[in-house]
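Okay, so here's the structure we're looking at.
Bear in mind these aren't lab numbers, they're just calculated from the coordinates by the rules spelled out. Only a predicted model underlies this, so the values are computations on that prediction, with no experimental measurement involved. Glycine gets a Cβ as well: all are built from the backbone with ideal geometry, and neighbour counts include every protein chain shown.
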Amino acid sequence: MNSTNYTNSEKPWKRRQSLKWGAAGVGIVGANLLWNQVARSNNQPIIPPPPEDTPLRGNGVNPFTFLREFNYGTVKQENGRTVREFYLEATSSVIDLNTVVSFRTWNYNDRVPGPTLRAKSGDRVRVIFNNQGGRFHTVHFHGIHPASEDGVRSVRHGEQVTYEFDAKPYGVHLYHCHVEPVTRHIGKGLYGMFIIDPPQPRPQADEMVLIMGAYDTNENGENNFYAFNGLPNYYDDYPIPIQKDQRIRVYLLNMMEFESAATFHLHANMFQLYRTGSTLTPHEVTDAVTMGPSERHIIEFSYNYPGRYMFHPHQDWIAEKGCRGFFKVLEKT
Ligand SMILES: [Cu+2]
């Protein structure tokens, strides 16, 4: 346990963010051509650029940036091992759930969900957690680690602690605050995804993260807004462009409080389901999977026909209150 010495002005994620958006300032057609050429020369998947002028709605991060942004940490070599050092700061900020309703979130690194942390099986993971959130918080990781690193001891405001463990087992995991009432701390936005890649990488794909969340804005134990990646209806208003005939890999997580389960349903297609991302071969092929709270999977699919295709939980009241989106399938250019 350390005293706080990581200053507030030093927020590495913000620096990366501004760099990323600086580069994205290129015209959309030019960027598309450039990215496609680079992708083809490296046999990489083609990642269509996001729609232009997608609003932040008060969240710290544009959902299109969040969608495909993986934080691999600061890589160090220590005693012959790869150490990935991540920095998480609990903060509090306001987001716009729609044009009239704003909501004060509690979050990691000024965003809901928190950053998607990514390591490789066997890496050493070091998470520096600085609580600037104004109340007790923690970071509890799923995965295998000693009790001392389990993140259930409350960390007071202004305190910094370090969690450290080996990255195992490979798959899709999560992290979240574990201060009671956990329903409130997660419901306010203190959660994120933690991916551990297998020793042999999965095949090339257009990879993205979809996290299902919910908001109980009047704190009566029932949700009144739902979202993919933090903002209700965002990918409904701004469909996610993907390439036709290309493997799409979605890292999927259900973080809804107050719901016993939610399904994820993909329109006009079937997907291969890798439960908890714990295998390299799919468990089944389906177009709907039921997910309890904290359940997460990898799903893979490709679309053979261009057009717009919806995805949503088939608890349709959840979809109709914000947890719904579209893929916009593009002809290959
Ligand atoms: Cu908390």
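If you run the Gaussian network model on the chain, springs between alpha carbon atoms under 10 Å, then out of ASN229, ASN218, ASN79 the most flexible one is ASN79. Estimated from helical segments only, the mean residue ellipticity of the chain at 222 nm is -3500 deg cm²/dmol, where each DSSP H run of four or more residues counts as -39500 (n - 2.57). With the biggest extent put first, the Cα atoms of the range 103-191 measure 37, 22, 20 Å across the principal axes. Each of VAL285, PRO55, GLY325 was placed along the dipole of the chain (beta-carbon charges, centred on the mean Cα), and the one lying farthest toward the positive end is PRO55. Residues whose amide H falls under 5 Å from that of ARG247, counting only those 5 or more places apart or on a different chain, are ASP206, with hydrogens built in the peptide plane.
Pairs of Lys residues in the range 12-330 are counted when their Cα atoms are under 20 angstrom apart and they lie 8 or more places apart or on different chains; the count is 5.
On full extension, the segment bounded by SER93 and HIS283 gains 64.5 nm, given 0.36 nm per residue less the C-alpha separation.
Extension gain, SER121-GLU164: 0.36 nm per intervening residue step, less the Cα-Cα distance, totals 14.1 nm. Under 5 Å between amide hydrogens, built in the peptide plane, is the criterion, and for GLU159 it picks out ASN131 among residues at least 5 positions away or on other chains. GNM remark for the chain: springs join alpha carbons under 10 Å apart, and the peak mean-square fluctuation among TYR108, TYR191, TYR274 falls on TYR274.
Can you tell me the FRET efficiency between GLU180 and LYS244 if r is taken as the Cβ-Cβ distance and R0 is 45 Å, rounded to the nearest 0.05?
Values: r = 48 Å, r/R0 = 1.06.
Working from the Cβ atoms, E equals 0.40.
In the range 12-330, taking the dipole from charged Cβ atoms about the Cα centre, the farthest positive-side position among ILE128, VAL179, VAL94 is held by ILE128.
Please order TYR303, TYR72 by the number of other Cβ within 10 Å, starting at the fewest. Numbers along the way, then the final one.
Working: TYR303 21, TYR72 15.
Listing TYR303, TYR72 from fewest to most nearby Cβ atoms yields TYR72, TYR303.
How big is the antiparallel share of DSSP beta bridges in the chain, given as a percent to the nearest 5? Please list the in-between numbers first.
Working: 59 of 84 bridges.
Antiparallel bridges: around 70 percent, rounded to the nearest 5.
Considering the zone a paramagnetic label at GLU78 would reach in this model (a point 7 Å from Cα along the Cα-to-Cβ line), which residues of the range 145-183 have amide N under 13 Å from it? What the label zone holds, given the 13 Å backbone N cut-off, is 162-167.
When only alpha carbons are used to place a centre, the range 218-259 and the range 44-58 end up 15 Å from one another.
Given the options LEU56, LEU117, LEU88, which has the most mean-square fluctuation in a GNM of the chain, springs set between C-alpha atoms less than 10 angstrom apart? Evaluated over the chain, the most mobile residue of the options is LEU56.
List PHE258, PHE264 from most exposed to least, where exposure is judged by having the fewest other Cβ atoms within 10 Å.
Values: PHE258 13, PHE264 27.
Least crowded to most crowded, the residues run PHE258, PHE264.
Dividing the radius of gyration of the alpha carbons in the chain by their Kirkwood radius gives 0.94 for Rg/Rh. Its Cα centre serving as origin, the chain has a Cβ charge dipole (Lys and Arg +1, Asp and Glu -1) of approximately 880 debye.
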